[in-house]
1. With respect to Met194, is the statement that it is without any contact (Cβ under 8 Å) to a residue 24 or more places away in the chain and of a type outside the set (Ser, Thr, Tyr) true?
2. Please state which one of Pro151, Pro114 is in contact (Cβ under 8 Å) with a residue 12 or more places away in the chain and surrounded by fewer than 20 Cβ atoms within 10 Å (Cβ to Cβ).
3. Counting only residues that are open to solvent by 30 Å² or more (accessible area, probe 1.4 Å) and out of contact with any strand residue (DSSP E or B) (no Cβ under 8 Å at 6 or more places or on another chain), which one in segment 9-42 is modelled with the lowest pLDDT?
4. Which ones in segment 287-324 are in a helix (DSSP H, G or I), among the β-branched types (Val, Ile, Thr) and open to solvent by less than 70 Å² (accessible area, probe 1.4 Å)?
5. Quick check on segment 131-142. Is at least one of its residues open to solvent by less than 20 Å² (accessible area, probe 1.4 Å), under 13 Å from the mean Cα position of the chain (by Cα) and of a type in the set (A, V, I, L, M)?
6. When segment 22-42 is examined, which residues are found to be in contact with a Ser or Thr (Cβ under 8 Å, 6 or more places away or on another chain) and assigned to a helix (DSSP H, G or I)?
7. Say we look at segment 158-179 and pick out the residues that are of a type outside the set (Val, Ile, Thr) and in a strand (DSSP E or B); which of these is surrounded by the fewest Cβ atoms within 10 Å (Cβ to Cβ)?
8. Restricting attention to segment 208-223, does a residue exist that is modelled with pLDDT of 90 or more and in contact with a helix residue (DSSP H, G or I) (Cβ under 6 Å, 6 or more places away or on another chain)?
Amino acid sequence: MTLNPASQGAPLTIGFVLLHRFTLMPFAAFVDCLRLAADEGDRSRQLRCRWTFMASNGEAVLSSSGAAISPCEPFSDPGEFDYIVVVGGVQAEGDRQDSAALAYLREAAGAGVPLVGLCTGVFALIQAGLMKGRRCCVSWYHHRDLVQRFPAIEPVADRLFIDDGDRLTCAGGAAAADLAAYLIERHQGKAWAMKSLNIMLLDEARAGTHPQPQPVVFGKIEDRLVRRAIAVLEQHLGEALSMEALAERVGTSRRNLERRFRDTLGVSPLKFSRDLRLRYGLWLLHYTGKSITEIGERCGFADTAHFSRHFRTAFDATPSEMRKRAVEPGGDRVDPFFLHIDGRPVP
């Protein structure tokens with residue numbers, strides 16, 4: 001099918017606000033999705049989609065990887081854009097703020113222009129005072145930092161992006177392409193969104209509600225077979241994978257897999273899998289508003305009673321008791337890195 005860039009209405013226009021040491025991957029994924037939808041083939045003419053890179057000083061902006069984007073323009077009338085996308089920077093620099101950029105975001109909000117926070121761009125929207133009473137999507141990696149710095153804000157770390165009308169927030173990474181495709185489909189049609197994704201070797205756009213991959217952080221596990229098996233289990237936190245299927249996936253027998261797990265971690269792969277899914281359930285209790293029934297299903301348990309019984313055995317508290325503790329003033333929160341595996345049995 002030949003697509004005519006002039007066959008539909010006005011182009012989708014995006015203004016990018018690039019903050020110091022902005023994260024390169026979500027920016028690149030978003031803008032390349034626009035580029036590929038803007039024209040036929042790979043010709044890159046800004047026909048169906050148009051974009052402008054802006055910075056507070058109008059000069060080149062350094063990304064977190066050291067690559068610079070140039071040229072950038074000074075901030076222009078926000079009314080020129082359908083959306084303004086702010087791409088955040090490295091948070092290790094603490095509370096550093098770009099006052100000119102924050103003022104521009106407030107001006108855009110006042111003009112009724114929808115704002116998009118990519119990756120840590122949501123921090124800038126919060127600093128600008130534009131997320132009061134709103135949920136915001138954030139990567140699990142930055143969830144703890146956001147909660148500590150902005151306790152009045154409700155972050156969501158179990159989905160890819162949130163469309164809240166005139167505020168859209170995205171966890172970042174590859175999910176930026178999903179959000180870009182979502183906006184392209186809204187303004188230019190699904191065919192153009194799919195064109196971009198197919199050229200980017202992506203099968204289809206994931207919905208905003210699609211779950212983020214949750215962290216399993218490897219420590220010193222020397223047995224490569226066990227490491228491969230854990231990687232498979234990480235991809236199946238939402239189901240009780242049979243040990244036969246797991247052994248087949250990693251190319252060994254169930255008996256050998258069980259022996260290697262016991263030698264390395266001190267538990268069987270079956271128990272390890274169940275405990276890992278329980279710890280995922282614990283994370284969901286702390287960081288999402290999902291019901292206990294939904295969490296039990298998300299973690300691959302047959303029903304709520306099955307989930308609650310194993311949960312209480314593992315943590316000496318029922319799921320509802322654990323959730324109450326999480327919201328109590330001064331209550332302990334689960335570290336986002338708690339799915340850490342270092343060669344010791346999973347507690």
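The values are calculated or read from the model by the stated rules, or taken from the named source; none is laboratory data. Keep in mind the model is a prediction, meaning the values are calculated, not measured. Every residue, glycine among them, receives a Cβ derived from its backbone with ideal geometry; neighbour counts consider all protein chains shown. In case anyone asks, the SASA skips ligands and DNA or RNA and just uses the protein heavy atoms, side chains included. Shrake-Rupley method; radii C 1.70, N 1.55, O 1.52, S 1.80 Å.
1. Values: without any contact (Cβ under 8 Å) to a residue 24 or more places away in the chain: yes; of a type outside the set (Ser, Thr, Tyr): yes.
Spelling it out, Met194 is indeed without any contact (Cβ under 8 Å) to a residue 24 or more places away in the chain and of a type outside the set (Ser, Thr, Tyr).
2. Pro114
3. Only one residue tops the list, namely Gly9.
4. Once the filter is applied, which keeps residues that are in a helix (DSSP H, G or I), among the β-branched types (Val, Ile, Thr) and open to solvent by less than 70 Å² (accessible area, probe 1.4 Å), segment 287-324 yields Ile292, Thr293, Ile295, Thr304.
5. Scanning segment 131-142, I find at least one residue that is open to solvent by less than 20 Å² (accessible area, probe 1.4 Å), under 13 Å from the mean Cα position of the chain (by Cα) and of a type in the set (A, V, I, L, M), so the answer is yes.
6. Leu24, Phe27, Asp32, Cys33, Leu34, Arg35, Leu36, Ala37
7. The qualifying residue surrounded by the fewest Cβ atoms within 10 Å (Cβ to Cβ) is Asp163.
8. Scanning segment 208-223, I find no residue that is modelled with pLDDT of 90 or more and in contact with a helix residue (DSSP H, G or I) (Cβ under 6 Å, 6 or more places away or on another chain), so the answer is no.
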